[in-house]
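Participant: Before I ask anything, let me first share the structure, which is written out below as structure tokens.
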Amino acid sequence: MHVFANPTRFLSIARPLTPWLFWGGLLLTGIAFAMGLFFSPPDYLQGELVRIMYVHVPTAWLGMGGWTGILIASLMQLVWRHPLAGIAARAIAAPGALFTALCLLTGSIWGRPAWGTWWIWDGRLTSMLVLLFLYFGFMALAAASEERASIGRVAAIFGVIGAINLPIIHYSVTWWNSLHQPQSLTLSGSAIDSSMLWPLGIATLGFTMLFGAITLFRMRAIIADIRIEARLRRLAQG
């Protein structure tokens, strides 16, 4: 990863990659929504309500995936002092919080007709809500850092410790009695029919590409701000 430690080298890759990820993600998401809405069948139990999973599942995946990215960036900040680690962590936090909030919102919309209530203090829902608060806490700690190119030692440690919540989210439906349905996708196979699995997979890939585009755009914006601030300081000193 130190190959990309030079911001100029990183930007030479990020600039052309960002629009490809963004427009490719939009295209795949549109295809997935069209397949999910018009071509995949309704579920035999949930009926048309199942179609919300084409948003709910990818946003849940990316809410957890975002914190995994923060964990990796925080470790790189603490152990290797990678120059872009803090910038990456800052850039990931906001879209991670957004996708986690979308997961909770779509889950509530799903739960109202399925469970008869907008919210229950279920293990999966509660641990996802905790994840959203962890994102808010991380962003506050990162904002408190005096160096925009880093996230500070406290924020990095928080990013590592907060990852404890990820296995809790994943295994919550197994560890506790839950209204939430069990895992549909496991290493041993899938409980989802292929007519629904294909749109779900394409939607997940599309959302992931959009997440990557947002992260790269935010990293580029942070680097640009740092360079402007450094230039203004040099001008003030000169």
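Participant: Efficiency by 1/(1 + (r/R0)^6): what FRET value for N6 and R153, r their Cβ-Cβ distance, R0 = 22 Å, to the nearest 0.05?
Facilitator: After rounding to 0.05, the efficiency reads 0.40.
Participant: While we're looking at this one, here's another question. Could you check the simple spin-label distance between S108 and I31, using points 7 Å along Cα→Cβ, in nm with one decimal?
Facilitator: Between S108 and I31, the label points sit 3.4 nm apart.
Participant: Let me see the P(r) profile for region 39-91: every Cα-Cα distance counted, bins of 10 Å, each bin given as a percent of all pairs.
Facilitator: Bin by bin from 0 Å, the calculated values are 23, 30, 18, 16, 13, 1.
Participant: Turning to a different aspect of this structure: Output the Kirkwood hydrodynamic radius of the chain, Cα pairs only, in Å rounded to one decimal.
Facilitator: The answer is 19.3 Å.
Participant: Provide the three semi-axes, in whole Å and in decreasing order, of the ellipsoid equivalent to region 56-132 as defined by the square roots of 5 times the Cα gyration tensor eigenvalues.
Facilitator: Each semi-axis is the square root of five times an eigenvalue, giving 31, 11, 7 Å.
Participant: Then there's this: Simple spin-label model, 7 Å along Cα-to-Cβ: S195 to R81 in nm?
Facilitator: Distance between the two pseudo-spin positions: 6.0 nm.
Participant: Another one. Based on Cα positions only, what radius of gyration and what Dmax would you give for region 89-170, in angstroms?
Facilitator: Taking only Cα atoms of region 89-170, I get Rg and Dmax of 14.7, 48 Å.
Participant: Sticking with this structure for a sec: Peptides 108-117, 125-134: what's the order by average Cβ count within 10 Å, highest mean first?
Facilitator: 125-134, 108-117
Participant: For the chain, return all DSSP H helices satisfying: extent of Cα atoms along own axis at least 27 Å; mean Kyte-Doolittle hydropathy at least 0.5.
Facilitator: Qualifying helices, which must be both long enough and hydrophobic enough, are 7-34, 53-75, 85-115, 123-144, 194-237.
Participant: Follow-up question, since we're still on this one. Semi-axes of region 1-110's equivalent ellipsoid from the Cα gyration tensor, sqrt of 5 times each eigenvalue, largest first, rounded to whole Å?
Facilitator: That gives 35, 18, 9 Å for the three semi-axes.
Participant: Please compute the length gained on full extension between I161 and L49, using 0.36 nm multiplied by the number of residues separating them and subtracting their Cα-Cα distance.
Facilitator: Contour length minus Cα-Cα distance gives 36.7 nm.
Participant: Between I228 and L17, with labels modelled 7 Å along Cα→Cβ, what's the label distance in nm to one decimal, could you check?
Facilitator: 2.4
No value in this document is a laboratory result; all are computed from the given coordinates. Being a predicted model, the structure only gives us computed values, none of them experimental. In this analysis, Cβ positions are derived from the backbone assuming ideal geometry, glycine residues included, and neighbour counts consider all displayed protein chains.
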